[in-house]
Amino acid sequence: MPISEAVASIERDLREIFGDRLQSVVAYETADRSPGSPQPTLVVVAAMTPADLRACAGRVAVWHEAGLATPLILESPEFARSLDAFPFEFGAILADHVIVSGRNPFEGLHVDPADVRRACEVQARSHLLHLREGYIETQGRSDAVADLIARSAAPLSALLKSVARLNGGGPVDSVLAEVVALNGKALSSDIARRLFPEYLSAVEHLTNEIDRWGQR
């Protein structure tokens, strides 16, 4: 991944703000980042003050105009402790990043597969609960069920990407693939009535599989 002038400029700004407390600046990619979307960066500092945040807030508009996302800034003591709390996010950074300046903050660190499984289970159970709750709130109206299914396509896609990290990208249930393929598009009431019970059953099965994954 080449280091753009925009990324180099944010490094200079951060160096001016944090001085010798700036330890690492990392540019990274994510699997779901679309072409032309803001470039994300990870910043590790020895310490951070309210004044530092105010200084960053004063420059964020310039960073955005340059095509940069708001930087993810962490103090070094909390950085290593964050890997188990955000295994998906930091796993993605580990997979595709470049050190812009400073030391490699990932040296000696790794994302524990058990943490990925736990986070994946939380994501799956949350999706399942929202589907059940959402269906109750539709009062059984087919048009509302159709809307519920369409709105759930994006979070389901994110869930399946997380699951792929557990099973190495194995086959996806055909019903789940059908929902993801909607990509938020509307569907007819007739299709919704047919699809929702199968969809709910597939998510229940997937959640149970993730739960058992930890016992294999």
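The values are calculated or read from the model by the stated rules, or taken from the named source; none is laboratory data. Since the model is a prediction, treat every value here as computed from it, not as a measurement. Here Cβ is always computed from backbone atoms with ideal geometry, including for glycine, and neighbour counts include all displayed protein chains.
Which numbered condition in (1) over 25 Å from the mean Cα position of the chain (by Cα); (2) farther than 12 Å from L131 by Cβ; (3) not in a loop (DSSP other than H, G, I, E, B) is the only one that N208 fails? For N208, the failing item is (1). The residue of region 164-205 that is nearest to D143 (Cα to Cα), among those that are part of a helix (DSSP H, G or I) and among the polar types (S, T, N, Q), is S189.
For V180, the conditions (1) out of contact with any Ser or Thr (no Cβ under 6 Å at 6 or more places or on another chain); (2) surrounded by 14 or more Cβ atoms within 10 Å (Cβ to Cβ) all hold with the exception of (1).
Taken together, G91, G108 contain a single residue that is over 30 Å from I191 (Cβ atoms) and free of Cβ contacts under 8 Å to residues at least 12 places away in the same chain, which is G108. When each of A51, A8, A31, A61 is tested for being modelled with pLDDT under 95 and over 30 Å from K161 (Cβ atoms), the lone residue that passes is A8.
For region 1-82, which strands (runs of 3 or more DSSP E) that fit wholly inside it have 3 or more residues that are surrounded by fewer than 17 Cβ atoms within 10 Å (Cβ to Cβ) and polar (S, T, N, Q)? Output list is empty.
Residue by residue, here is whether (1) touching a Leu at 6+ places or on another chain (Cβ under 7 Å); (2) farther than 24 Å from P77 by Cα; (3) assigned by TED's automatic domain parsing to the domain that holds I93 holds:
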position	(1), (2), (3)
Y28	yes, no, yes
P35	no, yes, yes
Q39	yes, yes, yes
V43	yes, no, yes
D52	no, no, yes
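Residues in region 134-159 that are surrounded by 16 or more Cβ atoms within 10 Å (Cβ to Cβ), part of a helix (DSSP H, G or I) and out of contact with any Ser or Thr (no Cβ under 7 Å at 6 or more places or on another chain): G134, Y135, D147, I149, A150, S152, A153, L156, S157, L159.
For the structure I just gave you, tell me whether A164 is under 28 Å from S82 (Cα atoms) and among the small types (G, A, S). So A164 fits the description; yes. State whether the residues of region 44-58 include one that is basic (K, R), over 30 Å from A158 (Cα atoms) and free of Cβ contacts under 8 Å to residues at least 60 places away in the same chain. Yes.
Beta carbons closer than 7 Å, at least 6 apart along the sequence or on distinct chains, pair a first residue in region 149-173 that is within 21 Å of I191 (Cβ to Cβ) with a second that is of a type in the set (K, R) for A150/K185.
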